[in-house]
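Peer 1: Below: one structure in structure tokens.
Each reported figure results from applying straightforward, stated rules to the coordinates on display, with no laboratory input. Just so we're clear, the structure is a prediction, and the values are computed from it rather than from any experiment. Using ideal geometry, Cβ is built from the backbone for each residue, glycine included, and neighbour counts are taken over all protein chains shown.
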């Protein structure tokens with residue numbers, strides 16, 4: 001009885017050790033799960049990008065929704081990316097690429113049709 | 001051309017001259033909603049004509065980009081305006097101010113068609129700035145305070161916001177083509 005009791009404790013410890021070991025092994029072998037990509041919405045209202053500044057990460061999506069009557073664009077100041085024309089009431093989505101892998105999305109941008117409309121996307125690394 | 005712009009500006013500021021005897025049925029603020037809509041529609045189409053002329057004559061990328069934007073934006077506003085009038089079951093109504101604007105635009109088009117190169121670009125840019133300033137003043141000071149229908153008023157307010165942006169854009173173009 002006593003012995004059995006001791007054996008039960010030993011078994012519990014063994015199971016606990018196995019669980020911890022398995023967890024450690026998984027941690028070593030299994031790559032860190034990527035952070036969930038976020039979906040950012042930027043509205044175009046009364047000839048302005050709202051919000052004007054947005055922090056994004058590689059893998060995120062950015063959707064511009066044009067609430068104005070007239071068409072707009074979101075066009076990189078350096079010319080490396082462009083939503084092209086977004087009609088009044090329409091929306092366009094782009095995926096943020098990783099700058100380390102040649103992704104170019106980010107930085108200052110403007111409306112090609114209305115150059116006084118300006119805003120910025122700041123790309124930061126994915127959190128691990 | 002300048003005379004036409006001054007005429008329009010005079011029409012805009014005349015009602016402000018308190019006690020003057022120019023306030024009558026032919027004053028801009030006395031127009032009814034569908035007459036104001038006709039003026040706005042006419043003003044949009046005039047600027048679209050200027051823009052097509054610019055695309056036909058100018059090789060300057062700044063001027064051509066601006067002209068394309070004018071065609072795109074004024075066409076979009078007109079489309080919205082016509083849809084609203086259709087919804088309300090009314091037609092735009094011709095009036096003295098629409099006719100005056102059209103007559104003025106003919107003079108400007110005659111002048112612009114005789115210009116080429118930098119001379120055209122400068123004149124087109126100057127006219128766009130003056131034209132938007134004049135029409136914006138008209139819409140803001142004479143039309144919007146006197147529009148009766150709420151939906152028409154909302155559309156005019158949206159249009160004014162667009163055309164004020166055009167005015168700023170025209171200022172940039174004027175500087176760029178100097």
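Peer 1: Could you check the simple spin-label distance between residue A:85 and residue B:178, using points 7 Å along Cα→Cβ, in nm with one decimal?
Peer 2: For residue A:85 paired with residue B:178, the spin-label model returns 3.3 nm.
Peer 1: Here is a further query. Once fully extended, how much extra length lies between residue A:77 and residue A:98, figured as 0.36 nm per residue of separation less the alpha-carbon to alpha-carbon distance? Each step should come with its number before you reach the end.
Peer 2: Details: separation 21, 0.36 × 21 = 7.56 nm, distance 1.86 nm.
Taking residue A:77 through residue A:98 to full extension adds about 5.7 nm, to one decimal.
Peer 1: Be a star and scan the range B:144-170 for residues whose amide nitrogen sits under 14 Å from the point 7 Å along the Cα-to-Cβ vector of residue A:65.
Peer 2: The answer is none, because no backbone nitrogen lies closer than 14 Å to the label point.
Peer 1: At a threshold of 8 angstrom on Cα-Cα distance, excluding pairs fewer than six apart, so keeping six or more, what relative contact order does chain B reach in percent?
Peer 2: So the answer I get is 32 percent.
Peer 1: Convert 10 °C to kelvin, take the viscosity as 1.306 mPa s, use the Kirkwood radius over C-alpha pairs of chain B as Rh, and evaluate the Stokes-Einstein diffusion coefficient in µm²/s, rounded to a whole number. If you can, show how the numbers build up before the last one.
Peer 2: Details: Rh = 16.6 Å.
Result for D is 96 µm²/s.
Peer 1: Which semi-axes, in whole Å and largest first, does the equivalent ellipsoid of the range B:93-178 have when worked out from the alpha carbon gyration tensor as the square roots of 5 times its eigenvalues?
Peer 2: 28, 17, 8
Peer 1: Between the range B:52-100 and the range A:61-128, what is the C-alpha centre distance in whole Å?
Peer 2: 27
Peer 1: Against the longest alpha carbon principal axis of chain B, how many degrees, from 0 to 90 and to the nearest 10, is the axis of helix B:2-13 turned?
Peer 2: The helix B:2-13 is inclined about 30 degrees to chain B.
Peer 1: Another one. Give the angle, between 0 and 90 degrees and rounded to the nearest 10, that separates the Cα long axis of helix B:150-176 from the longest principal axis of the Cα atoms of chain B.
Peer 2: 20
Peer 1: On a 0 to 90 degree scale, rounded to 10, what angle separates helix B:61-88 from the longest Cα axis of chain B?
Peer 2: Between the helix axis and the principal axis of chain B, the angle is about 20 degrees.
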